[in-house]
Amino acid sequence: MPNKIAVVGSNMVDLITYYSERMPKLGETIEAPNFEIGCGGKGSNQAVAAAKLGSDVMMITKVGDDLFGDNTFKNYSNNGINTKHVEIVPNTSSGVAPIFVDPSGENSIIIVKGANACLKPSDIDAAAEDLKKCNLIIMQLEVPLDVIYHTIEFGVKNNIETLLNPAPAAKELQLDRINEATFFVPNETELESITNMPVGTIEEITAAAKYLNTQGIRDVIVTMGSKGALLVNQIEVTLIEPCKVDPVDTTGAGDAFIGSFSHYYLQENKDVKKALKIAALYAANSIQKKGTQISYATKEEFSLINNAH
Ligand code: RIB
């Protein structure tokens, strides 16, 4: 039986510009050589990564009543993702994300939430019977915060583990309403913004994550890009070493990490460190290709890479 994962999160259309030397100044026009369009959104990216690896994934999201929405449905179906709880919002655009990738592969993103902003706590209640069959529920912050709070409460009440990726960071995130999530997975920028603490060194990152432990968040996993990842809880601080590669496009690497971590956490009998190590390899593989979801390896492709490692 495959792992059952639900993603309560976003879908976006990624409009990606390669490779802009810099961002334009106010009133300035600059040129970049390439443009690509793809399926994105942090929620969908994480769902697709887990589904490509073989998890049984259900998506809870809203799309606009436009061509982008139709395309998102097609994309879910191509990846074997259950769309029973994906709804079209009338007279609303789908979420879009203009993305600018620089020559070093680093990205800058603007999101327009569109229909994603219409997800409501009642959508979680409407999906309750299907959610109760899941082993893990994954969330990000591209949907309204009251949906996140409600989903974590739902997880606690029904004994279902939850993972919150607080991306993009929201200053107004109430820690006492998310501290019962099983895993809290920020990157360094999000950690800094949520804790108001410096994150310039591993020691500072550890201190900020430990502060979250004191707020009741049990397992904090900080993704640190080329520095690897840090697991911080009351018992241990463990550095997951990075896999060194030359990045082509880092867009969606954090999502590849979370989707694959979720898959392997369930597949490897909840061995967190083992799952984190495999996720680091999966994410590193994704940044060697252009695009977000299209850069994620399938189960077959990744088994070759993982076995060779
Ligand atoms: O994390 C990368 C994602 O952020 C992109 O796919 C974009 O859609 C934004 O949601």
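Values for this structure:
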| read-out | value |
| --- | --- |
| Top-ranked residue in region 23-35 [being surrounded by 10 or more Cβ atoms within 10 Å (Cβ to Cβ) and in contact (Cβ under 8 Å) with a residue 12 or more places away in the chain; ranked as farthest from the chain's Cα centre (by Cα)] | Ala32 |
| Failed item in (1) closer than 16 Å to Lys4 by Cα; (2) surrounded by fewer than 19 Cβ atoms within 10 Å (Cβ to Cβ); (3) touching a Leu at 6+ places or on another chain (Cβ under 8 Å), with Ser55 passing the rest | (2) |
| Strands (runs of 3 or more DSSP E) contained entirely in region 91-179, each with at least 2 residues that are within 17 Å of the chain's Cα centre (by Cα) and under 25 Å from Lys4 (Cα atoms) | 136-139, 161-164 |
| Members of region 258-277 found to be more than 16 Å from the chain's Cα centre (by Cα) and of a type outside the set (D, E, K, R), listed by number | Leu266, Gln267, Asn269, Val272 |
| Test: residue in region 254-274 that is under 30 Å from Met1 (Cβ atoms), in contact with a Leu (Cβ under 6 Å, 6 or more places away or on another chain), among the β-branched types (Val, Ile, Thr) and in contact (Cβ under 8 Å) with a residue 24 or more places away in the chain | no |
| Check on Lys273, more than 14 Å from the ligand (Cβ to nearest atom), basic (Lys, Arg) and part of a helix (DSSP H, G or I) | yes |
| Enumeration of residues in region 292-309 that are within 16 Å of the ligand (Cβ to nearest atom) and either over 17 Å from Gly43 (Cα atoms) or surrounded by 21 or more Cβ atoms within 10 Å (Cβ to Cβ) (or both) | Thr292, Gln293, Ser295, Tyr296 |
| Any hit, region 253-262, residues being within 15 Å of the ligand (Cβ to nearest atom), assigned to a loop (DSSP other than H, G, I, E, B) and not charged (D, E, K, R) | no |
| Single residue of Glu106, Glu87, Glu129 found to be at pLDDT below 95 and away from the ligand (no atom under 12 Å from the Cβ) | Glu106 |
| Residue in region 149-161 that is more than 16 Å from the ligand (Cβ to nearest atom), among the hydroxyl-bearing types (Ser, Thr, Tyr) and in contact with a Lys or Arg (Cβ under 7 Å, 6 or more places away or on another chain) present | yes |
| Residues of region 241-252 satisfying the condition of being of a type in the set (D, E, K, R) and either within 16 Å of the ligand (Cβ to nearest atom) or buried (at least 24 other Cβ atoms within 10 Å of the Cβ) (or both) | Asp249 |
| Pairs where the first residue, in region 198-225, is modelled with pLDDT of 95 or more and the second is aliphatic (A, V, I, L, M) and surrounded by fewer than 17 Cβ atoms within 10 Å (Cβ to Cβ), C-beta under 6 Å, 6+ apart | Thr206/Val237; Ala208/Met197; Gln215/Leu175 |
| Members of region 142-180 that are free of Cβ contacts under 8 Å to residues at least 40 places away in the same chain and of a type in the set (A, V, I, L, M) | Leu145, Ile152, Val156, Ile160, Leu164, Ala169, Ala170, Leu173, Ile178 |
| Where Thr238 falls short, out of the listed (1) of a type in the set (Ser, Thr, Tyr); (2) closer than 27 Å to Gly40 by Cα; (3) more than 16 Å from the ligand (Cβ to nearest atom) | (2) |
| Selection status of Gly38, in contact (Cβ under 8 Å) with a residue 40 or more places away in the chain, surrounded by fewer than 24 Cβ atoms within 10 Å (Cβ to Cβ), within 12 Å of the ligand (Cβ to nearest atom) and of a type outside the set (S, T, N, Q) | yes |
| Every pair of residues 6+ apart whose Cβ atoms lie under 6 Å, when the first sits in region 114-128 and is in contact (Cβ under 8 Å) with a residue 40 or more places away in the chain while the second is crowded, with 18+ Cβ neighbours inside 10 Å and assigned to a helix (DSSP H, G or I) | Leu119/Val147; Ile124/His150; Ile124/Thr151; Ile124/Phe154 |
| Selected residue (only one of Ile240, Ile221, Ile217, Ile202 is among the hydrophobic types (A, V, I, L, M, F, W, C) and more than 19 Å from the chain's Cα centre (by Cα)) | Ile202 |
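The values are calculated or read from the model by the stated rules, or taken from the named source; none is laboratory data. As the structure is a prediction and not an experimental result, all values here were calculated from the model. Counting neighbours? That spans all protein chains shown, and the Cβs are built from the backbone with ideal geometry, glycine included.
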